[in-house]
1. All other residues with a Cβ under 13 Å from the Cβ of Lys144 taken together, and with Lys, Arg as +1 and Asp, Glu as -1, what is their net charge?
2. Taking only DSSP H segments of four or more residues, each worth -39500 (n - 2.57), what value at 222 nm results for the chain once the sum is divided by all its residues, to the nearest 500 deg cm²/dmol?
3. Computing the accessible area with a 1.4 Å probe over protein heavy atoms, can you report the carbon and sulfur percentage for the chain?
4. Add +1 for every Lys or Arg and -1 for every Asp or Glu among the other residues with Cβ under 13 Å from the Cβ of Ile86, and state the total.
5. I want to check the label-to-label distance for Glu249 and Gln211. Put each point 7 Å from Cα in the C-beta direction and report it in nm to one decimal.
6. Cα gyration tensor of region 41-199, axes a ≥ b ≥ c as square roots of the eigenvalues: rounded (a/c below 1.5), prolate (a/b > b/c) or oblate?
7. Cross-link partners among lysines for Lys267, C-alpha distance below 29 Å, same-chain residues fewer than 8 apart left out?
8. What ranking of Leu232, Leu266 comes out by heavy-atom accessible area, probe 1.4 Å, highest first?
Amino acid sequence: RAKQEGRARYEWFSLSMYEATHRKVQVSTRISHGLAHGDFYLAYQAKVGPKENIIGFEVLLRWYDEVLGHVSPGEFIPIAEQTDKISQITLWVVKRACEELPLLIKEFGENISISLNLSPQDVNSSEVTDFILGGLASNDIPAKHIEFEITETAYMNNFGYANSFFEALKISGCHLSLDDFGTGYSSLSYLTEFNIDTLKIDKQFVSQIGQSERSEQITVAIIQMAKSLNLLVCAEGVETKAQAEFLIEKGCEILQGFLYSRPTPLKELLARRADKFVI
Ligand code: C2E
Ligand code: MG
Ligand code: MG
Ligand code: MG
């Protein structure tokens, strides 16, 4: 009987593994379909300054597939990364964001910037890096309005190559932001090696403000460290007024989260007035 149960459990396990693999294959196949059929679109989430004025937007990719419905980037980005589809996605996102940027500037002012997420694999793809550096050189990608968000994994994968690509981005006038700081394989040595402008404190810490003294202490330590390195600090995942007040009081210059704005498709964003900070 134990043997039977063991066998049943084994079959259950392998079935769910099968299902997970099947889902991945399906998502990966539908990504190609979606890129070809215009099923992806960009959502914009405001970043605000200490006076809660809009200083820019993070570009977050959205996907509605006719078979799968809405699929979140938390699911499809890792699958795209594993199945070599991420560079196609990134090329599409960068192109589309640059097409949409003039509309955002018209509405929110000449000083705004947009933040684009790069995957670690993008840094190793000459198709992506050539496209970006070429676009910056020709000003098809307007450097002064562009920030790239990268994670520490991008540095780890290919130290030398990543370094020269990021340096080239900096030289062309883009801003660089280190995303999800404090999670993953944080190594402080990256902060001295690389010329980044902004540290983004992961929402894991921000969400604990008001609940965990430890997370508050870590948040304050990150802000202080960033300041002593002359870096800007952006807190992501700000959901409550109390979190915002805490962060502003501790010297955090840039805030982002549902308190101010949900990631919003362009059309919806433009339908609202620019002079309200809650959008
Ligand atoms: P990320 O770059 O760290 O983006 C922040 C995530 O936090 C976004 O999730 C955003 O919607 C969510 N968020 C923002 N404010 C709040 C808040 O107040 N509370 C909570 N609970 N969440 C908040 P999203 O849009 O689902 O994206 C997840 C991840 O997918 C992103 O994390 C990023 O790593 C990746 N991603 C999204 N778009 C792209 C893209 O165009 N290219 C690449 N390579 N990755 C992308
Ligand atoms: Mg990001
Ligand atoms: Mg982040
Ligand atoms: Mg994150």
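The values are calculated or read from the model by the stated rules, or taken from the named source; none is laboratory data. In this text the structure is predicted, and so the values were computed from the model without any measurement. Neighbour counts are summed over all protein chains in view; Cβ atoms, including those assigned to glycine, are modelled from backbone coordinates with ideal geometry. With ligands, DNA and RNA removed, areas are computed over all heavy atoms of the protein, side chains included. Shrake-Rupley method; radii C 1.70, N 1.55, O 1.52, S 1.80 Å.
1. Neighbourhood net charge equals -2.
2. Value at 222 nm, helices only: -16000 deg cm²/dmol.
3. 53 percent
4. -3
5. Simple spin-label model gives 2.0 nm for this pair.
6. Verdict is rounded for region 41-199.
7. Reachable lysines: Lys47, Lys51, Lys85, Lys95, Lys106, Lys144, Lys200, Lys203, Lys241, Lys276.
8. Correct descending sequence by accessible area is Leu232, Leu266.
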